[in-house]
Amino acid sequence: IVLMLNINGLGALTLCDAGSTTEMLSNDFAQVSRCDIIKLENPAVLQLRCAGSRSRINFGTRAPVTLGAFGAEVYFDIANLDRYDAVLGTPFLRRFGVMLDFKNNCVHIDGQSYPALSRAQVQENLRKRNVRQHTIRQQLLHEYQDLFQPVPPGLPPLREVNHTIPLIDDNKRYSYHLPRCPEALRTQLSDKIQRYLEAGWWEARPVPQATPMLCIRK
């Protein structure tokens, strides 16, 4: 059962999930609705309705929740929800005596009945959200198109503050296993080295020891 709740002043597409043992709010919704974020002392691993296989709960928040005549302050764990803005689990359902009426697609709270969204309504909400996100993304790409360009070759001009990495001990030597670039990535590594040398970002110099480079496929 999916409801459109008002959480911290904004409409939130909310799933009522009797299989969840916690209430959750998506990262994006928590930021947009300007919830007061609480950092948890003991983070917990979560695997439920999340994008990613090892989502971790590091933050929480308390926010007012309203639905018609119903209103209460609810604690939410902030998680990387994949589809919904919020999830109401068994703690919320038990605390407020919520009855899920699947036959009539509604919920009952304190004797009041509130209609849930139909599947078509849920899909329409998700479609509109995707359209808004795409529109905003295109506007940002157009407005800041000068920033979304490939890095120009060559070094930037010298400035008042220039970045350096000073060594604590120039004579320090490290013992490590010599890494090898995978055969499948050697062409990419060769092209990258050549591009960096031509741009002046790297210089080939003889040195007694160098930091190993680790190539990881993304």
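The values are calculated or read from the model by the stated rules, or taken from the named source; none is laboratory data. Only a predicted model underlies this, so the values are computations on that prediction, with no experimental measurement involved. Here Cβ is always computed from backbone atoms with ideal geometry, including for glycine, and neighbour counts include all displayed protein chains. Quick note on the areas: whole protein, heavy atoms, side chains included, nothing else; ligands and nucleic acids left out. Shrake-Rupley method; radii C 1.70, N 1.55, O 1.52, S 1.80 Å.
Observations, loosely collected:
- Of all the numbered requirements in (1) closer than 30 Å to ASP85 by Cα; (2) in a helix (DSSP H, G or I), LEU185 misses one, and that requirement is (1).
- Residue in segment 68-77 that is open to solvent by less than 50 Å² (accessible area, probe 1.4 Å), within 25 Å of ARG129 (Cα to Cα) and touching a Phe, Trp or Tyr at 6+ places or on another chain (Cβ under 6 Å) present: no
- Selection of segment 112-153 for residues being part of a loop (DSSP other than H, G, I, E, B) and either aromatic (Phe, Trp, Tyr) or open to solvent by 80 Å² or more (accessible area, probe 1.4 Å) (or both) yields TYR144, GLN145, ASP146, LEU147, PHE148, GLN149, PRO150, VAL151, PRO152, PRO153.
- Segment 104-139, residues that are of a type outside the set (A, V, I, L, M, F, W, C), more than 19 Å from ASP28 (Cβ to Cβ) and at pLDDT 90 or above: ASN104, ASN105, HIS108, SER113, TYR114, PRO115, SER118, ARG119, GLN121, GLN123, GLU124
- Residue match in segment 180-196 (condition: loosely packed, with under 10 Cβ neighbours inside 10 Å and modelled with pLDDT under 85): yes
Table: residues versus (1) in contact with a Leu (Cβ under 9 Å, 6 or more places away or on another chain); (2) assigned to a loop (DSSP other than H, G, I, E, B).
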site: ASP169; (1), (2): no, yes
site: ARG173; (1), (2): no, yes
site: HIS177; (1), (2): no, yes
site: CYS181; (1), (2): yes, yes
site: LEU189; (1), (2): no, no
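- Residues satisfying the stated conditions in segment 1-48, i.e. of a type in the set (Ser, Thr, Tyr) and surrounded by 13 or more Cβ atoms within 10 Å (Cβ to Cβ): THR14, SER20, THR22, SER26, SER33
- Of all the listed residues (ASN80, ASN105), the sole one being surrounded by fewer than 18 Cβ atoms within 10 Å (Cβ to Cβ), in contact (Cβ under 8 Å) with a residue 40 or more places away in the chain and touching a helix residue (DSSP H, G or I) at 6+ places or on another chain (Cβ under 7 Å) is ASN80.
- Qualifying residue in segment 123-139 (condition: out of contact with any Lys or Arg (no Cβ under 7 Å at 6 or more places or on another chain), hydrophobic (A, V, I, L, M, F, W, C) and closer than 30 Å to LEU93 by Cβ): yes
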